[in-house]
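Engineer: This is the structure I have questions about; it appears just below.
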Amino acid sequence: GVTHAEDAFLDGYTLLHFEPEGYPAMVPGEGRVYGVVLTFADLSAVLPALDALEGLHLEPPLYRRVTVTAQPSGETVWTYVYVNEARLNGSGVFPVAGGKWPHLP
């Protein structure tokens with residue numbers, strides 16, 4: 001259902017890498033995180049699956065969905081910020097240099 005994808009970045013965030021899980025997480029911090037803004041044909045149909053993927057309804061939750069201003073467009077969009085404090089304070093959490101997840105071009 002993706003109708004458009006646009007490269008974007010957020011200032012005021014840090015990108016982390018979790019090992020052994022092997023996935024990224026964004027948290028408030030100093031820096032810039034790069035990503036892609038996705039536009040969906042029917043966001044209301046996709047949002048429950050995205051929320052489940054990001055663990056919003058787990059106890060404790062992994063992520064929280066927040067509104068941010070994507071750059072360079074200035075568009076207000078939703079993103080997921082990691083909030084599981086126990087995991088953030090555990091071992092195997094590394095900052096991603098340059099704020100760009102390895103799977104992005």
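The values are calculated or read from the model by the stated rules, or taken from the named source; none is laboratory data. As the structure is a prediction and not an experimental result, all values here were calculated from the model. Quick reminder, even Gly has a Cβ in these numbers, built from the backbone with ideal geometry, and neighbours come from all protein chains shown. When the accessible area is computed, the model is the full protein with side chains, heavy atoms only, and any ligands, DNA or RNA have been set aside. Shrake-Rupley method; radii C 1.70, N 1.55, O 1.52, S 1.80 Å.
Engineer: Go ahead and set up a Gaussian network model of the chain, Cα springs under 10 Å, then flag whichever of LEU58, LEU38, LEU50 fluctuates most.
Structural biologist: Maximum fluctuation in the GNM of the chain, among the listed residues, is at LEU58.
Engineer: Using +1 at the Cβ of each Lys and Arg and -1 at the Cβ of each Asp and Glu in the chain, identify which of LEU47, ASN89, PRO24 lies farthest towards the dipole's positive end.
Structural biologist: In the chain, that residue is ASN89.
Engineer: Charges at C-beta only: +1 for Lys and Arg, -1 for Asp and Glu. How large is the resulting dipole of the chain about its Cα centre, in Debye rounded to 20?
Structural biologist: With Lys and Arg at +1 and Asp and Glu at -1, about 120 debye.
Engineer: Sticking with this one: From Cα coordinates alone, what are the radius of gyration and Dmax values for segment 1-96 in angstrom?
Structural biologist: Values for segment 1-96 (Cα only, Rg and Dmax): 13.8, 39 Å.
Engineer: Can you pull the percent of segment 1-86's accessible area that's carbon plus sulfur, 1.4 Å probe, other chains left in place?
Structural biologist: Percent of accessible area from carbon and sulfur atoms in segment 1-86: 57.
Engineer: Please name whichever of ALA5, PRO60, GLY98 sits farthest to the positive end of the charge dipole of the chain, dipole taken about the Cα centre and charges placed at Cβ: Lys and Arg +1, Asp and Glu -1.
Structural biologist: Of the options given, the answer is GLY98.
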